[in-house]
1. Take the stretch 112-121 and flag every residue that is surrounded by 12 or more Cβ atoms within 10 Å (Cβ to Cβ) and at pLDDT below 90.
2. Taking the stretch 52-82 only, how many residues are in contact with a Lys or Arg (Cβ under 7 Å, 6 or more places away or on another chain) and assigned to a helix (DSSP H, G or I)?
3. Restricting to the stretch 71-98, what's the tally of residues that are under 24 Å from Asn117 (Cβ atoms) and surrounded by 16 or more Cβ atoms within 10 Å (Cβ to Cβ)?
4. Name, by its number, the condition in (1) part of a helix (DSSP H, G or I); (2) modelled with pLDDT of 95 or more; (3) touching a strand residue (DSSP E or B) at 6+ places or on another chain (Cβ under 7 Å) that does not hold for Ser85.
5. Could you tell me how many of the residues in the stretch 101-113 are part of a helix (DSSP H, G or I) and touching a residue at least 40 places away in the same chain (Cβ under 8 Å)?
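The values are calculated or read from the model by the stated rules, or taken from the named source; none is laboratory data. This one's a predicted model, so the numbers in the text were calculated from it and none came from an experiment. Cβ placement follows ideal geometry from the backbone for every residue including glycine, while neighbour counts extend to all protein chains displayed.
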Amino acid sequence: MKNRKCAGCGLVNFPSASDCKRCGAPLEPYFAFEGADAPEGVEGRGILRRALAVPAVLLFLLVGCHASLLFTSEGVTYDERRQVSRAVELIERAGFERETFLLKRLTNFRTTDNWLNAYAGHANAYASTNFPFEIVTLYPDFFRYPADDVERAVILLHEARHLAGADEEEACASVWRDKERLGWTREKYGKTRVWQNVAELSRRFAPQLFDCGEDGQQDCYE
């Protein structure tokens, strides 16, 4: 049996003592034994609190980082929002339910780089995505060069794949395979700037989509 420590004055008393020799305070069982095991359930609650603290800290960091990304960038204007909405409507009509939900319900559209994009840098692009923060930055070329809302829908479909966690190879390949569902075909758009840019990007990241035909260099999805 171990010595009993007084909670009031801190004196360590003999195991047989019922009152503190120095201050006379009664020695209670729940703090009586120096180094004794914690009462039943206390240790389990401590472990649970520590386990819950980790996701709580991570959540706090994610929320703080998300807020900083929004604070260091600018949102879309009314006219820009209308262009985005028309393009998303085309995506919805084409039957891309998951992508529509992400773009309509979860995405924050910005028009200037946040601190993370500015730090990481990026090549000339129509748009970029911050996953998992569900932020899509639309650059001036997104509004300037697409021939119509269909081409903007193609760009947003690509970004929606990133919003769902796809890497560049997967996003390029899946959008190129699905392009005709949006009515984006070579016959109609083969000479546009966006077509040329997206085709070049797709060939770079998903070359397996262009190894058909007699020469092994033709689009496998035409």
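1. Across the stretch 112-121, there are no qualifying residues.
2. Residues that pass the stated criteria total 0.
3. Total meeting the criteria: 7.
4. (3) is the only condition that Ser85 fails.
5. Residues that pass the stated criteria total 3.
Yes or no, residue by residue, for (1) of a type in the set (S, T, N, Q); (2) outside the structural domain of Phe109 (by TED's automatic domain parsing); (3) within 26 Å of Arg105 (Cβ to Cβ); (4) out of contact with any helix residue (DSSP H, G or I) (no Cβ under 9 Å at 6 or more places or on another chain):
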site: Glu151; (1), (2), (3), (4): no, no, yes, no
site: Glu169; (1), (2), (3), (4): no, no, no, no
site: Gly183; (1), (2), (3), (4): no, no, yes, no
site: Val198; (1), (2), (3), (4): no, no, yes, no
site: Leu201; (1), (2), (3), (4): no, no, no, no
site: Ala206; (1), (2), (3), (4): no, no, no, no
site: Gln218; (1), (2), (3), (4): yes, yes, no, no
